[in-house]
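FYI, it's all coordinate maths here, none of it is from the lab. Remember, predicted model here, so these are calculated numbers, not experimental data. As a convention, Cβ positions derive from the backbone with ideal geometry for all residues, glycine included, and neighbour counts pool all protein chains shown.
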Amino acid sequence: MKYSNIATEPPGPEAQRIIQVLKKNCYDSTFTYPLVIADGSGCTVRDVDGNAFLDFTSNIGACPLGYSHPDVMDVLAQYAKNGAHKIAGQDFYCKEHAELSEQLVSVLPDNFKTFFINSGAEAVENAVKLAYRKRMSEGFPVLPGVSCIGAFHGRTLGALTFTLSKPVQKAGFPELPVLRIKFCTDDNDPDIDAIERLLGQNKAALILTEIIQGEGGYNVASRQFIKNLRKSADVHGIPLILDEVQSGMGRTGKWWAFEHYDVKPDIMTTAKALQVGATAYRQDYDPGQQGVLSSTWGGGSRIDLAMGARIIQVIKRDNLLSNASKIGGLLKKGLSELLGGKGGVIDVRGIGLMIGLEFDTKANRDLALQQLFKKGLLLLPAGQKSMRVIPPLVISEEEVGEGLEMMSALLH
Ligand SMILES: Cc1ncc(COP(=O)(O)O)c(C=O)c1O
C-alpha cells in the first residue's frame, strides 16, 4: 500500500484559488509551500485537489494521532450536537476542563497544578508571570529573566523577549529585561557553566529554556548543561521554567523531554499536541489569589479540552511513548544514511520522533523541502538550514519506510 499519491501537480487549481484569496486578504505569514489541507487519515493529509501527502510534520506536533483517528472522530461526534462548545472557561466551569486537568496532572511531576490558555506563547507568558509573582512575594524587584541564544518561546511580546531564533521575529519589538546564555549541545562546551558565572554577577528572576530547541533548529541540549541550569537555579533560588510546547506530550518517547535528563522544572509549559496551551507549576508557585491569571477561552474551548484529554488517554492506552522511541530509532537510523549524500545533509540529531536534519546550506534545505512536497512528503524547516522530521506518534514502520524512500531517492 502506498500512502502518498500526487494526482495533480501541487498547487492544483483549487489550491491556487484559495491561496490567491489568502494572499489578497491576509498577512503572508510562515507558509513553506502551497499545501491547502482538506482532510486526512492515518499519517496522510489530503489537499483540496485530491493529492495525498505522507505527513512528517504532524502540523508541528499538533496532530499526534494523525488524522481521522477513531478516538478523535469519537470526540468530534460527541460535540456535533452540543451548541455550547466554547464558553468563557475561566469564568464558568465545564467538565472538560476538569477532565483535562486530571489527565495532564497524571503525567506531570508530583504536586503540580495547571492553568489552561489558548496557545504556546500564552503558556509561556503565564509561566513567566508566575515566576515574577513568586519573586515579588519574596521581596525582589523586577529582575531580568535568563534565556538561551537560539531559543523560541513564542511571539507575544513577553515570550518574544526570551526568543532569540531568527532576526525577523524580533526586529524592532520591545523587550522585558533579559540576559542570555549559550544553549550548549556538548558536555565539553567551554560555556557549559556560563549560567553560574552569569548568576555570580547578576541577580535574575527566572531561567527559561527548551530541552530541544525546536524553531531554533532542533538542537538537543547537553545533559550537563541542563543539570547545571537546575543546580544554579537551586543555588540562587530562581525558578527553572522548561518549555515543552514542542517537545512535550510524548514526542521524544517520554511524556516530557526533561525526563531524559533526570531533572524537574519548577514551572513548565506545553501546548500543540495538547490542543490547548497549558502552564503547569509546582503548588508553591500558585498565586493563591483569584484573578491573577485568566482569559476568555482558557479552559473553555470544550472540544479542544476533550480532545486533549482523549489524546493523553490514547497515548497511554496504545503505548505511543514506546512507539515514538522505537519508530524514532528506525527513522533516525534511516535518516543517518543520507549523511554526506548528494542532498547536502550534514547532521541528524534528536530524541524519539523529534528529529532534525541539518543541511550544508539553506538553499539545499529549501530545495529539498520543495522537491519532497512535490513528490508527496511533508516536512518543515527549523532554524537557518535544518529540517524537522516529526511525524504523528502513531506512525508505522511502513509509513516511515515510504517517507525514507522518497528522501533517499532525492538526497542519498
Ligand atoms: C518551544 C516553543 N514554545 C512556544 C511556542 C509558541 O507556541 P504557539 O505558536 O502556540 O504560540 C512554540 C511554537 O512553535 C514552541 O516551539
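Some notes on this structure:
- DSSP bridge pairs, region 77-317: antiparallel proportion in percent, nearest 5: 50
- Note on the chain: with a GNM built from Cα contacts shorter than 10 Å, the maximum mean-square fluctuation among S137, S106, S322 falls on S137.
- HN-Hα J in Hz across region 284-289 - Karplus 6.51, -1.76, 1.60, θ = phi - 60°, x for Gly and Pro: 6, 8, 5, x, x, 8
- Spatial offset of region 293-326 relative to region 222-285 amounts to 17 Å, using the alpha carbon center of each.
- Here the gap between A77 and H236, fully extended at 0.36 nm per residue and compared with their Cα-Cα distance, gives a gain of 52.2 nm.
- Built amide H within the under 5 Å cut-off of V348, gap 5+: E358
- Given the chain, longest segment not containing exposed loop trypsin sites (Lys or Arg not before Pro) (DSSP; at most 13 other Cβ within 10 Å): 204-341
- Label-point separation, E337 to K95 (7 Å along Cα→Cβ), nm: 5.0
- When the chain is treated as a Gaussian network with alpha carbon springs shorter than 10 Å, the biggest mean-square fluctuation among G401, G356, G299 belongs to G401.
- Length gained on full extension, D347 to K362, computed as 0.36 nm times the residue gap minus the Cα-Cα distance: 4.0 nm.
- Most fluctuating residue given options G352, G154, G340, as computed from a GNM of the chain linking Cα atoms under 10 Å: G340
- Note: relative contact order over region 77-317, using C-alpha pairs below 8 Å and six or more positions apart, is 31 percent.
- In terms of overall dimensions, the C-alpha atoms belonging to the chain reach 65, 56, 44 Å along their principal axes, ordered largest to smallest.
- Cβ charges +1 (Lys, Arg) and -1 (Asp, Glu), total dipole of region 77-317, debye: 440
- Among the chymotrypsin sites (Phe, Trp or Tyr not before Pro) in region 1-66, those located in a DSSP loop and surrounded by at most 16 other Cβ atoms within 10 Å of their own Cβ are Y27, F31.
- Over 31 Å apart at the Cα level, from the set K227/K326; K170/K316; K182/K375, are K170/K316; K182/K375.
- Using the Cα coordinates of region 146-200, the gyration tensor eigenvalues translate into equivalent-ellipsoid semi-axes of 23, 13, 8 Å, sorted from longest to shortest.
- Charge dipole (debye, nearest 20) of region 33-94; +1 at Cβ of Lys and Arg, -1 at Cβ of Asp and Glu: 140
- With contacts taken as Cα pairs under 8 Å at a separation of at least 6 residues, the chain carries a relative contact order of 22 percent.
- Across region 77-205, Cα pairs under 8 Å and at least six residues apart give a relative contact order of 19 percent.
- Point-to-point label distance, D187-K23, nm (Cα→Cβ direction, 7 Å offset): 5.2
- Ellipsoid fit via the Cα gyration tensor, region 77-317: semi-axes of 30, 19, 17 Å, each the root of five times an eigenvalue, largest first.
- For the chain, the Cβ-based charge dipole about the Cα centre amounts to some 540 debye (Lys, Arg positive; Asp, Glu negative; other atoms uncharged).
- Linear extension gain, D262 paired with A88, 0.36 nm per residue minus alpha-carbon span: 58.9 nm
- Charge dipole of the chain about the Cα centre (unit charges at C-beta), most positive-ward option of S101, I19, F140: F140
- C-alpha long axis of helix 95-105 to longest principal axis of the chain, angle in °: 80
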